[in-house]
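One structure below.
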Amino acid sequence: MKQRKAKSVVREYGEAIVFAIVLALVFRQFVVQAFKIPSSSMETTLLVGDHILVNKFLYYFTSPQHSDIIVFQYPWEEDRDFIKRVIGLPGEHVLVRDRHVYVNDQLLHEPYARYTGNSRSDTFGPVVVPKKGDRIEIRSDKRFYINGEPVPIPTSPHHPQGLFQPRNDGPPVSGLETFYGWMLPPGTTLQQSLEPRTVEHDFYFVLGDNRNNSQDSRYWGFVRSTRLKGRAFFIYWSWDRDSSFVHHIRFDRLGKLLDLPAY
């Protein structure tokens, strides 16, 4: 009897441990996940060494909104996660000019945006953010159309040829490929006509808060809705590696909620 009871207790503990592991994995996959900030692209909202929690189930029930700080798979690589702020929603027009951002011709109030030193050319756009159900085509006039309206193709201010390099290890590509290539057959260029086709996913335009030091939608294009991981909402730990040992921990940032500013 005692031997059976001991085996029963061991079995119960084992089942409890397995259940806890499965529950933790499910929680991490679908509910909340922790991330660490590795770069300064979101300063001063998020600092290098901040550890944040990301709500992963929110976007199962609703779509991202203006100013959401989102974590997503980098559009050009499967194994990299990025964090940026949502600026343009599906179907909106975005323009960046002289440190100002316009969405649908309305100037944004951006208390979170940071510019440092001499600003490099930050003129970008206008660009149209595609949405699910849009009809896209290339006509014989060698222009790109969304829902029958001609859409300007972004050019890079740092490359006179209008080429972007969204991958560190890849060759430069055109603005058409960078921003609209996901919706077109491989190899499509403006030199060929393309019959109208339907956009299958929503897309988002995102920027880093540290505008002079952020590789974002201005460089590698839109974020597809299927690549979203969740919205950042809480800083649970912050560690400054550059400070002395005594001052490593940023106590003023612990437990900080990432509030959404008025848009």
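The values are calculated or read from the model by the stated rules, or taken from the named source; none is laboratory data. Given the structure is predicted, the values throughout are model-derived calculations rather than measurements. Cβ placement follows ideal geometry from the backbone for every residue including glycine, while neighbour counts extend to all protein chains displayed. The protein model used for the area step is the full one, side chains on, heavy atoms only, and it has no ligands, DNA or RNA in it. Shrake-Rupley method; radii C 1.70, N 1.55, O 1.52, S 1.80 Å.
Quick one: order Leu257, Leu47 from most to least accessible surface, probe 1.4 Å.
Reading off the accessible areas and sorting them downward yields Leu257, Leu47.
With a 1.4 Å probe and every protein chain left in place, tell me how much accessible area Ser225 has, in Å² to the nearest 10.
Number for this one is 40 Å².
Roughly speaking, to the nearest percent, how much of the stretch 66-191's 1.4 Å accessible area is carbon and sulfur?
After summing per-atom areas, the C and S share lands at 47 percent.
Which order do you get for Asp259, Asp141 if you rank them by accessible area with a 1.4 Å probe, largest at the top?
Descending accessible area places them as Asp259, Asp141.
At 7 Å along Cα-to-Cβ for each site, give me the label-to-label distance between Asp259 and Arg135 in nm.
With each label point 7 Å from Cα toward Cβ, the separation is 4.6 nm.
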